[in-house]
Every structure is written in structure tokens, then in C-alpha cells.
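Worksheet for the structure shown next.
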Amino acid sequence: MATPIGLGLPDAPPPTLAPRRVTRQLKVGDVGVGSDYPVSVQSMTTTQTHDINSTLQQIAQLTTAGCDIVRVAVPKPADAEALEAIAKKSPIPVIADIHFQPKYIFSAIDAGVAAVRVNPGNIKEFDGRVKEVAQAAGDAGVPIRIGVNGGSLDQRILTKYNGKATPEALVESALWEAGLFEEHGFGDIAISVKHSDPVLMVEAYRQLAAQCDYPLHLGVTEAGPKFMGTIKSSVAFGALLSQGIGDTIRVSLSADPVEEIKVGDQILQSLNLRQRGLEIVSCPSCGRAQVDVYTLAEEVTAGLEGMEFPLRVAVMGCVVNGPGEARDADLGVASGNGKGQIFVKGEVIKTVPEAKIVETLIEEAYRIAEEQGLEEIQGTKAEVKVTR
């Protein structure tokens, strides 16, 4: 048997840009939220919550994609009635998302959800019900997320700030509501101050982080379609997480919510805030490229889809940066003149024709994973057929 290839995984945690901001700690179901725990990734179902089977099916898909916590909307009585079954059967903690009607808060708590998200700006007479909510949530051990949005800010706050959802307005609203809960002895609170403008959102969170120790849920609300929303969220989350601000995140996309999880996971991996899984490094191509790098990278990515083993694979197409990048990766190829040199941990192990590059990289990736004694490999090793 060949000698196992050391992947060079660090014994100590990888470096981050800044230490986490110190917060109080919460438990959302079995997921810890706060500076003592990893930053978690959330999403929200797009199904009608009262359609229990469809909602649970989507939650299962999100869980498989890596979602840690899921939020479900509760706009009507049938949705509230479905919460108990969903909360019991969901593989991950469920947060009930409440707007307009305060009665659904109590229904959600009674149903056994892991947490409740409230938007005080659009819940009728919310401030007058805080004592009841605090009592019910405290008795049940259910945390509350106070979610303030730029598009649904309390009218009193908007008036004070001349109708503008400024960072100061968002922060003041959130801390005012948190203070009401604290007055009634309830402190299991997380806060979000979302805005569709990433610059305003970042400034709001910076101000909020400086004024409290609550865990913060990051989000650029109404971020847009997949491409635009990914850019906005990545910029905003990167700015905050790189300063240690943020304890949970949701990438809000006008797309399948599974895509939100993929983007969120990659953001955390890029900042060394989540263990890296499979990472494909590929060059953008240029006039020096002597192979079709785009196709190679796409086919390697598709062939290794589902593999969660921490492996860095470099797919390079020219002689300038190719050998160096391939040598630095766990597995890589430097391509040119119709062939590719295959590197494993800095050593050339073989040279193959261009038509065999994808097949060889996939075979080597699985061989490395197997030799490292991986007990579970997500996805199956299948015969790879490449058409050129």
C-alpha cells in the first residue's frame, strides 16, 4: 500500500483577521450562538409553512447543504398550527419568524420552536406586550432575536430621523426594544439590524457592536438576485467578520435557499471561520493558457461535488503561475502543450494527456481521501467520462 500523503492540515486553528467580539452566549436548540461558538449559517424556507411535508423537505435539503439554523414564516393561523410538527421533526433548530400579530409569538413558544424572531417595527402594540413575551420565552428557555430592518422601522424612530433608516436609527430601535426585555429580566437576546445598502448595514452593526454584548445576526436584507446578492453579502459580511463582529449569518438571495447556504459557507471558509472543505483554485485564463481552463475547472468541480474532505485542488493553465500554484496545493495540475503535470503535496507524480487531466485529478482526490482514513466521503466515486 502506498504511503499516506500528509495533507498538511494545521494542528492549531487557522489564523483569522481579528479575534471574535466577546458576547453573551445563547443556545438555539443544540446550536450555540455567541463568541464561544463558531459562526453559524442560517437560511429561511420558501415554502408555505402550513404545508408541513414541503417545509420539512426543504429543511432537509438545507441541512444537507450545511445549514445550522432555519427560519420559517408564520403569517397566519395554519402556519402557527404547523410549528409543533415542524419543530419536532426538523433535523436542525427552527426559528419562528413573527410579524404583525403578537399572538403568534406565544403560539410559537408553545409549539416548542428553538427561538423566535420578532420585528418590533411592524408588530401591533409590541412594546405593550413585551412583559408577556419575556415571561413566556423565559419560562420556556426560548431566545428572542430582535430583528430591525431598514424597510420596516418603527414609525416613531423614522420620524425622529427625518424618515431615514440611518445606522443610528436602526441601532436605537434595536437597543430600545432590548432594553424593554431587560427591564423584565429577560436577556437571552440576539439582534440584527439589516439594511439593503451594505454600507449602511456595516456601519449599523459597527455601532451596535460597540454599544452592547448581544450576539449579532448579520444580514443584508433584500440583497437581490444570486449574483448581486452574493456580492453585497460577501462585501458586508467580510467587512464585519474580519473585525470579529457577527455570530450568525444569512445570505438573503432571490434564489433557491440552498444557494444561500453555499455562499454563506464559502464566506466563512474564506475567512477561516469554518473548517475548509473542498477548495478549487483555478486561474482566470489569459492569452498564455494552452488548455481550456474553464472547462477543466468546471469538470473537476462537478466530479468532486459533495466531497467534504478538506482538500485544496489547483487547476492551472499556463507555465507562469501554474507550477507554483499546483505545487502549493494538496493536489493540482499545471497544464500546457496538450498535457498536464499532476502534483500531490508539491511533488510531480505523473504527466498525463490533456484528455486525462480531469479523470486523473478526481481519481487522485479520492485516493488521498481514502488513504487518510476518511470514514465517510460525501458522494460516490464513479467512473469519470470526459468528452473533448
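The values are calculated or read from the model by the stated rules, or taken from the named source; none is laboratory data. On a predicted model such as this, the values are computed, not experimentally measured, just so you know. Virtual Cβ from ideal backbone geometry, glycine too; neighbours counted across all protein chains shown. Remember, those area values only see protein heavy atoms, side chains included, never the ligands or the DNA or RNA. Shrake-Rupley method; radii C 1.70, N 1.55, O 1.52, S 1.80 Å.
Quick notes on this structure:
- Per-residue ³J(HN,Hα) for segment 307-317, Karplus 6.51 cos²θ - 1.76 cosθ + 1.60, θ = phi - 60°, Hz, x for Gly and Pro: 6, 9, 5, x, 9, 9, 10, 9, 10, 10, x
- Whether segment 151-207 is rounded, prolate or oblate, judged on the alpha carbon gyration tensor where a/c under 1.5 counts as rounded: oblate
- Dipole of the chain, positive direction: furthest Cα of 233, 136, 96, with charges on the beta-carbon: 233
- For the chain, the 222 nm mean residue ellipticity estimated from helices alone, with every DSSP H stretch of n ≥ 4 adding -39500 (n - 2.57) and the total spread over all residues, rounds to -12000 deg cm²/dmol.
- Three-way shape label, segment 278-370, alpha-carbon gyration tensor, a/c 1.5: prolate
- Length gained on full extension, residue 139 to residue 295, computed as 0.36 nm times the residue gap minus the Cα-Cα distance: 50.5 nm.
- Pairs beyond 25 Å (Cα-Cα), from 27/88; 124/164; 76/226; 103/160: 76/226; 103/160
- Here the 3J(HN,Hα) profile of segment 35-46, calculated from phi with Karplus coefficients 6.51, -1.76 and 1.60 at θ = phi - 60°, is 5, 7, 10, x, 5, 9, 10, 10, 8, 9, 5, 10 Hz, Gly and Pro shown as x.
- Global geometry of segment 25-271, whether rounded, prolate or oblate, following the gyration tensor of its Cα atoms and the 1.5 cut on a/c: rounded
- Shown for the chain: the carbon plus sulfur share of the solvent-accessible area, taken with all protein chains present and a 1.4 angstrom probe, equals 51%.
- In the full protein context, segment 278-370 carries 44 Å² of accessible surface per residue, based on a 1.4 Å probe and ignoring ligands, DNA and RNA.
- Antiparallel %, DSSP beta bridges [both residues in the chain], to 5: 30
- Degrees between helix 226-241 axis and first principal axis of the chain (Cα, 0 to 90, nearest 10): 80
- Integer Hz, Karplus 6.51/-1.76/1.60 couplings in order for segment 125-142, x for Gly and Pro: 6, 5, 4, x, 9, 4, 4, 5, 4, 4, 5, 5, 5, x, 5, 8, x, 9
- Its Cα centre serving as origin, the chain has a Cβ charge dipole (Lys and Arg +1, Asp and Glu -1) of approximately 640 debye.
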